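What follows is one structure encoded as structure tokens, with my remarks underneath.
The values are calculated or read from the model by the stated rules, or taken from the named source; none is laboratory data. These figures come from a predicted structure and were not determined experimentally. When we count neighbours, we look across all protein chains shown, and the Cβ atoms used for this are built from the backbone with ideal geometry, even at glycine. The area values use the complete protein model at the heavy-atom level, side chains included, leaving out ligands, DNA and RNA. Shrake-Rupley method; radii C 1.70, N 1.55, O 1.52, S 1.80 Å.
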Amino acid sequence: TTFDALQAMHHFPHNSILLIEIANVLRARQMIDEADEVLSNLLLFDPAHIVARVMRMVIYSNIAQTQNDFLTSEMAFERAIAGGEFITSFQITDCNIWSEFGALYFNRAKKVIKFMRQGDLSSGQIFNKKNVLDCLDKAKTCFSKSLATSPTGKDTSAAFWLIYILCFIELFSADETLLNKSDNIMIVDSNNVFNKVGLRMFTALGWLKEDIPSNGNISESSFNNLLITLSRINARQDNSMLSRNYIPYVKFLFAMFLWDFTPYFTVEIYDTVLYLLNEARRETEKLIPDNICVYKICQNFVTPAEFLGHIKETEDLIKKLVTRDDFKQGDGLYLNPEKQKELSKIKLMLLELTRY
């Protein structure tokens, strides 16, 4: 309860590890104000505590994302960005901090896109494509620094989000009308942007070993090698993920990533995406008895019920678009070219823009 958490804080006011853990639990239960109070207590005696500062930045971002009023949302984002700029004024070498700062700018861009497409911008405030692209460009810079400060130079989380951000930049640069008021109609990738950007980044990261043909059609052997590489990355993520409330979204994210960036839709891709979504559902249901929320980088914490709704919506969309019978009309493993082209326009991450 709130009382128990604050009582523990007052009993051990200088135990930073305990206070951070209390704040984490409060955030996981969507008790944002209480978590902020705990962090305030910690920062009173240790103003330069980096973990507390990062967590406060994320809390302000969380507050911004839940606002239905544009100017209120922007005010909270500005507070979060000020916190992030203060943190990064130190000599930061932690790739996770740069990833959190990149996620902040990405979330701001997504929130502005949401307001623009709903026509909900305040009358005195004009936001246009340039503002959205500026936020995405700052997110790109932060995630690039996350990759640079990573010991491997290939931090998986930073790489995944950098690929998505590059896609968003190219997508909205090419067609400004995608940001027009649209009554939440899903954005589609009509110009094959995700495939082009994905293949470039896979090659740059060393995940794809061959030169990309001008038509973008990689060989079957390269496709299979890419799937093996991505499977290994997913396995490493599973093995390193200790926080229960992170696991559902990691599985959900990898399912989205496979769907959004696969060069070809095969039976294996179809089955793997649905399997990962089912795993995300199963892990989410485990959180319900303990009243723990799911952590999403796109929105921070959401209730299990809300996240289960997102999983179902995604599964329903996939099953509406394609079934196993559709593969029989191809060669049994691959879809026919017309169906491939149709599915390549539908990106699950773009569906996220209609949710928040």
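General observations
- Qualifying residue in region 96-111 (condition: assigned to a helix (DSSP H, G or I), at pLDDT 85 or above, of a type in the set (Gly, Ala, Ser) and over 21 Å from the mean Cα position of the chain (by Cα)): no
- Scan of region 193-209 for residues that are part of a loop (DSSP other than H, G, I, E, B) and either closer than 18 Å to Thr156 by Cβ or modelled with pLDDT of 85 or more (or both), ordered by number: Leu205, Gly206, Trp207, Leu208
- Residue in region 154-167 that is modelled with pLDDT under 80, on the phi > 0 side of the Ramachandran plot and in contact with a helix residue (DSSP H, G or I) (Cβ under 8 Å, 6 or more places away or on another chain) present: no
- Which numbered condition Glu338 fails, given (1) open to solvent by less than 40 Å² (accessible area, probe 1.4 Å); (2) more than 29 Å from Thr66 (Cβ to Cβ); (3) in a helix (DSSP H, G or I): (1)
Condition check ((1) of a type in the set (Gly, Ala, Ser); (2) open to solvent by less than 40 Å² (accessible area, probe 1.4 Å); (3) part of a helix (DSSP H, G or I); (4) at pLDDT 90 or above) across all residues:
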position: Met9; (1), (2), (3), (4): no, yes, yes, no
position: Pro13; (1), (2), (3), (4): no, no, no, no
position: Leu18; (1), (2), (3), (4): no, no, yes, no
position: Gln30; (1), (2), (3), (4): no, no, no, no
position: Glu37; (1), (2), (3), (4): no, no, yes, no
position: Asn41; (1), (2), (3), (4): no, yes, yes, no
position: Val51; (1), (2), (3), (4): no, no, yes, yes
position: Val54; (1), (2), (3), (4): no, yes, yes, yes
position: Val58; (1), (2), (3), (4): no, yes, yes, yes
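- Taking every residue in region 18-39 that is under 21 Å from Arg244 (Cα atoms) and pairing it with any residue that is open to solvent by 30 Å² or more (accessible area, probe 1.4 Å) and charged (D, E, K, R), at least 6 positions away or on another chain, the pairs with Cβ-Cβ distances below 6 Å are Leu26/Glu34.
- Number of residues in region 164-177 that are surrounded by fewer than 20 Cβ atoms within 10 Å (Cβ to Cβ) and in contact (Cβ under 8 Å) with a residue 60 or more places away in the chain equals 0.
- Residue match in region 193-209 (condition: over 22 Å from the mean Cα position of the chain (by Cα), within 20 Å of Leu136 (Cβ to Cβ) and surrounded by 12 or more Cβ atoms within 10 Å (Cβ to Cβ)): no
- Considering (1) part of a helix (DSSP H, G or I); (2) under 23 Å from Ala103 (Cα atoms); (3) β-branched (Val, Ile, Thr), the lone condition that Val273 does not fulfil carries the number (2).
- Top-ranked residue in region 116-146 [being under 26 Å from Ile163 (Cα atoms) and of a type in the set (D, E, K, R); ranked as modelled with the lowest pLDDT]: Lys129
- Whichever residue in region 210-244 is outside any helix (DSSP H, G or I) and open to solvent by less than 20 Å² (accessible area, probe 1.4 Å) and, among such residues, is modelled with the lowest pLDDT: Gly216
- Complete set of residues in region 99-115 that are open to solvent by 30 Å² or more (accessible area, probe 1.4 Å) and in contact with a Phe, Trp or Tyr (Cβ under 7 Å, 6 or more places away or on another chain): none
- Scope region 278-306; condition farther than 25 Å from Val58 by Cα and crowded, with 22+ Cβ neighbours inside 10 Å; matching residues: none
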